[in-house]
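Derivation of every value follows stated rules applied to the coordinates shown; laboratory data play no part. What you see is a predicted model, and the numbers here were worked out from it, not measured in a lab. Here the Cβ positions follow ideal geometry from the backbone for every residue, glycine too, while neighbour counts run over all protein chains shown.
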Amino acid sequence: MFKSTQQQAARPVRPERIDTIVGKDSEFKGVIEVQGALRVEGRVEGEIRGVGDVTVGEGAVVHARIQGRNVIIAGTVKGDVDASGRLELAPTGRLEGDIAVSTLLIACGATFVGTSTMKGAAAMTGSPASPPTDHDGA
């Protein structure tokens with residue numbers, strides 16, 4: 001009936017709870033600054049500055065630059081995205097803008113138009129798949 005402390009510790013961590021919601025029938029123009037997680041189901045125009053996760057729901061329309069930890073797009077976004085963690089484009093996701101991310105996941109059916117820059121150690125030092133340079137001049 002009751003689980004031991006060890007069994008409870010083995011459970012996966014729940015995703016971050018949503019702190020701020022822009023509802024389906026809501027429209028926001030300006031700069032949104034959030035410390036926790038943000039979910040957009042309506043319309044946003046301007047800029048989103050998040051420390052936590054940013055989720056753009058399936059029916060949402062965002063015309064804004066988005067900054068956040070993990071960004072999940074299931075709706076439409078026109079604007080640049082800067083994710084310190086992961087950017088995920090769901091099958092219904094549409095993104096038009098440049099991205100800078102550590103991890104990128106694009107589902108079958110999603111649309112991405114723009115350029116991408118990968119952050120992290122591999123991006124800074126060169127990809128392991130890069131061909132070796134010829135140092136002996138041959």
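From ILE99, ILE73, ILE48, grab the single residue that is within 21 Å of ASP25 (Cβ to Cβ) and under 11 Å from the mean Cα position of the chain (by Cα).
ILE73
Here are the criteria: (1) more than 12 Å from the chain's Cα centre (by Cα); (2) closer than 23 Å to VAL101 by Cβ; (3) part of a strand (DSSP E or B); (4) of a type outside the set (Gly, Ala, Ser). Tell me which single one GLU58 does not satisfy.
Tallying (1) more than 12 Å from the chain's Cα centre (by Cα); (2) closer than 23 Å to VAL101 by Cβ; (3) part of a strand (DSSP E or B); (4) of a type outside the set (Gly, Ala, Ser), GLU58 fails exactly one: (3).
Pairs only if they're at least six apart or on different chains, beta carbon under 9 angstrom, first in region 94-113 and at positive phi, second surrounded by 13 or more Cβ atoms within 10 Å (Cβ to Cβ) and among the polar types (S, T, N, Q); list them, first residue then second.
Pairs that qualify, where the first residue is at positive phi and the partner is surrounded by 13 or more Cβ atoms within 10 Å (Cβ to Cβ) and among the polar types (S, T, N, Q), are GLY109/THR92.
Looking at region 76-96, which of its residues are surrounded by 18 or more Cβ atoms within 10 Å (Cβ to Cβ), within 11 Å of GLU58 (Cα to Cα) and more than 12 Å from the chain's Cα centre (by Cα)?
THR76, ARG94
Does GLU58 satisfy the condition of being in contact with a Gly (Cβ under 7 Å, 6 or more places away or on another chain), surrounded by fewer than 17 Cβ atoms within 10 Å (Cβ to Cβ), touching a residue at least 24 places away in the same chain (Cβ under 8 Å) and acidic (Asp, Glu)?
The answer is yes for GLU58.
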